[in-house]
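Written below as structure tokens is the structure these notes are about.
The values are calculated or read from the model by the stated rules, or taken from the named source; none is laboratory data. Being a predicted model, the structure only gives us computed values, none of them experimental. Every residue, glycine among them, receives a Cβ derived from its backbone with ideal geometry; neighbour counts consider all protein chains shown. What goes into the accessible areas is simple: the full protein's heavy atoms, side chains included, and nothing from ligands, DNA or RNA. Shrake-Rupley method; radii C 1.70, N 1.55, O 1.52, S 1.80 Å.
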Amino acid sequence: MLLVPCPNCGPRNASDFAYGGESHVRPNPNQATPEEWRSYLYMEDNPAGWLKETWYCRSGCRRFFTVERNTATNEFREHPIPGTKLGGKA
Amino acid sequence: MSLLPGKKSSKPPRYSAAGLIVKGARKQNWPRVWRDVPLKKSYDVVIIGGGVHGLATAYYLAANHGITNVAVLDKAYLGSGGSGRNTAIVRSNYLTPEGVAFYDRSLSLYNTMAADLNLNVMFSERGHMTLAHTDSALRTMNWRAEVNKLQDIDSSVIDPSEVKKLAPSLDTSSNARYPILGALYHPPGGTIRHDAVVWGYARGADHLGVEMHQKTEVLDILVEGGEGSATDAHDGKGAGGKVTGVRTNKGDISAPIVVNCTAGWATLISDMAGVKLPISTRPLQAAVTEPVKVFLPTVVVSGSLHVYVSQTDRGELVFGASVDPFNTYSVRGSLEFTEELAGHVLELMPGISKMRLLRQWAGLCDMTPDYSPVMGFTPVDGFLCDVGWGTYGFKAGPVSGEQMAECVATQMTPKLIEPFRLSRFSTGALVGEKGAAAVGH
Ligand SMILES: Cc1cc2nc3c(=O)[nH]c(=O)nc-3n(C[C@H](O)[C@H](O)[C@H](O)COP(=O)(O)OP(=O)(O)OC[C@H]3O[C@@H](n4cnc5c(N)ncnc54)[C@H](O)[C@@H]3O)c2cc1C
Ligand SMILES: [Zn+2]
């Protein structure tokens, strides 16, 4: 069982959430080339290690949030406050 | 390149009842069926991943094209990935014409496999039934049936009374919580012993001179002259580069051609060459019950209930579902899976409520956005992929091996796998198979 740390509701079972997948910066749709746009749509980093990802708290606060999880061990680490530098090597 | 064409079609020796008796009477051990030889410094082709895809590619390179200076490398043992963990379902009733043609070729190779490899692969053509519980599911079944019929595939939509006749244990009454409205029935579908397929290809390839190296992990791919990878712009990897070999835990190997057949680990390998893939890794779980008398003659799939079931020759029920809901490389089973599975199976077959689960397990699946694979050349010269097999790659093993071998030998993309090229994700020409592959693997 995976306990997902919602910033509002605290740790809850993964089945309370919808998984949003890898968090990537969305290119500007008016400026991106079709190639860039499709790479944003389809390509994945898929690391076996720390991954920045999005979850939706479906049965709780109904908010989206990003966290970092290690996809090899499934441990979470607290996501830094927006604007601060990531600690450690991602 | 010095890949000499030439045909060699000799098969490995046959197993016989007489041999069994003689060996038993003399208390002899069975010899190992593939050699354990030292790793060489160079090969014509290096295949990463000793699952059904890697082994089939190696086998057909040798059998169809006479290319035998080939090494298959696996970081663990042959069949340790999805190839030894799947629920062994084969079928060709897909949704797109490209998919149907491709999987149908695989089924015909499976049909002659026992004779081709001189090994009983226990192919059981028991029929495959995909239930529809909603009008929209029924519509998809009709759509699939029409696409299938146009390509001469035995596939049709049947009504609940016919479903009941084929599988009397199913609750086909109209007061079920999710009443069965009909089903897509595909008689040529069935199951096949997955381990035997892995061993059969390994044995066949070995017999033709291919080397299998277990516990040989690829740590890096050696590429020269590329525009740089995402993490290092000066490492010479990525588009425009040329493969020169691989680095393993047992030393460097030089090879002009490296084929990535690592399924759930596919992006880790392609990252080593500087090639990005549209793949995320998800576990798929399965479970098996204690054995009981045979009562379920066909494979039954329910997309709406996220479950499928078949009964083995030994009498166990084998269950599967859809992939776990988040990316991970961990293959730990979960209680949610078992609970949901049991609930849904009992909706379909209330009669088996007293049966006990023996065990459950998981394997890694390399999911693509359109539920179709990624096959053939990449922007790095000499680095080929046969990945993106998701939850449906076992049945595709033979045709993938055959086509990838042709791709390597001729240096051209065969027609059958042309739709599955990596570049479809930059042009937008996706091959959407979700409607036929999301639950029924
Ligand atoms: C529970 C379950 C049920 C399934 N049911 C079905 C089904 O009914 N029908 C169907 O068609 N498909 C099914 N599948 C999917 C199918 O099993 C896979 O798509 C298929 O086995 C993939 O085969 P492969 O040879 O490409 O990869 P795998 O068999 O996964 O082999 C990949 C190999 O690569 C090796 N490897 C990884 N990294 C390295 C490295 N760095 N160096 C060297 N070697 C490495 C691994 O050790 C592994 O042996 C199922 C899968 C699962 C998990
Ligand atoms: Zn919440």
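Figures for the structure shown
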| item | result |
| --- | --- |
| Which listed residue is assigned by TED's automatic domain parsing to the domain that holds B:Gly50, surrounded by fewer than 15 Cβ atoms within 10 Å (Cβ to Cβ), of a type outside the set (S, T, N, Q) and farther than 30 Å from B:Asn93 by Cβ, from B:Lys215, B:Lys242, B:Lys237 | B:Lys215 |
| Positions within segment A:19-58 being over 26 Å from B:Leu268 (Cβ atoms) and within 8 Å of another protein chain (Cβ to nearest Cβ), in sequence order | A:Pro34 |
| Index of the failed condition, B:Tyr110 passing every other in (1) open to solvent by less than 10 Å² (accessible area, probe 1.4 Å); (2) away from ligand 1 (no atom under 14 Å from the Cβ) | (2) |
| Residue match in segment B:13-21 (condition: of a type outside the set (A, V, I, L, M), open to solvent by less than 50 Å² (accessible area, probe 1.4 Å) and at pLDDT 90 or above) | no |
| Residues of segment B:148-176 satisfying the condition of being at pLDDT 95 or above and open to solvent by less than 20 Å² (accessible area, probe 1.4 Å) | B:Asn148, B:Ile153, B:Ser155, B:Ile158, B:Val163, B:Ala167, B:Leu170 |
| Residues of segment B:90-106 classified as open to solvent by less than 10 Å² (accessible area, probe 1.4 Å) and over 16 Å from B:Gly51 (Cβ atoms), total | 8 |
| Residue, nearest to the other protein chains (Cβ to nearest Cβ), within segment A:65-77, restricted to residues that are in a loop (DSSP other than H, G, I, E, B) and free of Cβ contacts under 8 Å to residues at least 24 places away in the same chain | A:Thr73 |
| Residue check, B:Gly24 surrounded by 13 or more Cβ atoms within 10 Å (Cβ to Cβ), closer than 22 Å to B:Ala196 by Cα and either outside the structural domain of B:Asp104 (by TED's automatic domain parsing) or more than 16 Å from ligand 2 (Cβ to nearest atom) (or both) | no |
| Qualifying residues in segment B:364-381 (those that are open to solvent by 10 Å² or more (accessible area, probe 1.4 Å) and more than 14 Å from chain A (Cβ to nearest Cβ)) - the one nearest to ligand 2 (Cβ to nearest atom) | B:Phe377 |
| Options B:Val275, B:Val259, B:Val197; residue that is in a loop (DSSP other than H, G, I, E, B) and either surrounded by 20 or more Cβ atoms within 10 Å (Cβ to Cβ) or among the basic types (Lys, Arg) (or both) | B:Val275 |
| Residue list for segment B:280-330, restricted to those being open to solvent by 10 Å² or more (accessible area, probe 1.4 Å), within 14 Å of chain A (Cβ to nearest Cβ) and not in a loop (DSSP other than H, G, I, E, B) | B:Ser280, B:Arg282 |
| Failed criterion for B:Ser83 (all others in (1) open to solvent by less than 40 Å² (accessible area, probe 1.4 Å); (2) not in a helix (DSSP H, G or I) hold) | (2) |
| Within segment A:7-43, considering residues that are under 12 Å from the mean Cα position of the chain (by Cα) and not in a loop (DSSP other than H, G, I, E, B), the one nearest to ligand 2 (Cβ to nearest atom) | A:Ala18 |
| Boolean, A:Asn13 is open to solvent by 30 Å² or more (accessible area, probe 1.4 Å) and more than 10 Å from every other protein chain (Cβ to nearest Cβ) | no |
| Subset of segment B:338-359 (residues that are within 14 Å of chain A (Cβ to nearest Cβ) and open to solvent by 20 Å² or more (accessible area, probe 1.4 Å)) | B:Thr338, B:Glu339, B:Glu340, B:Gly343 |
| Residues that are without any contact (Cβ under 8 Å) to a residue 60 or more places away in the chain and not in a loop (DSSP other than H, G, I, E, B), drawn from segment B:86-113 | B:Pro97, B:Val100, B:Asp104, B:Ser108, B:Asn111 |
| Residue check for B:Gly401: open to solvent by less than 10 Å² (accessible area, probe 1.4 Å), more than 14 Å from chain A (Cβ to nearest Cβ) and either touching a Ser or Thr at 6+ places or on another chain (Cβ under 8 Å) or not hydrophobic (A, V, I, L, M, F, W, C) (or both) | yes |
| B:Ala202 open to solvent by less than 40 Å² (accessible area, probe 1.4 Å) and closer than 23 Å to B:Leu348 by Cα | no |
| Single condition A:Arg62 does not satisfy, out of (1) touching a residue at least 40 places away in the same chain (Cβ under 8 Å); (2) open to solvent by 50 Å² or more (accessible area, probe 1.4 Å); (3) within 16 Å of ligand 2 (Cβ to nearest atom) | (1) |
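Conditions tested, residue by residue: (1) of a type in the set (Ser, Thr, Tyr); (2) open to solvent by 50 Å² or more (accessible area, probe 1.4 Å); (3) under 14 Å from A:Tyr19 (Cα atoms).
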{"position": "A:Leu41", "(1), (2), (3)": "no, yes, no"}
{"position": "A:Glu44", "(1), (2), (3)": "no, no, no"}
{"position": "A:Lys52", "(1), (2), (3)": "no, yes, yes"}
{"position": "A:Cys57", "(1), (2), (3)": "no, no, yes"}
{"position": "A:Glu68", "(1), (2), (3)": "no, no, yes"}
{"position": "A:Thr71", "(1), (2), (3)": "yes, no, yes"}
{"position": "A:Glu75", "(1), (2), (3)": "no, yes, no"}
{"position": "A:Glu78", "(1), (2), (3)": "no, yes, no"}
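Yes/no matrix, rows are residues, columns are (1) closer than 30 Å to B:Leu181 by Cα; (2) aliphatic (A, V, I, L, M):
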{"site": "B:Ala101", "(1), (2)": "yes, yes"}
{"site": "B:Asp104", "(1), (2)": "yes, no"}
{"site": "B:Tyr110", "(1), (2)": "no, no"}
{"site": "B:Ala114", "(1), (2)": "no, yes"}
{"site": "B:Leu119", "(1), (2)": "no, yes"}
{"site": "B:Leu138", "(1), (2)": "yes, yes"}
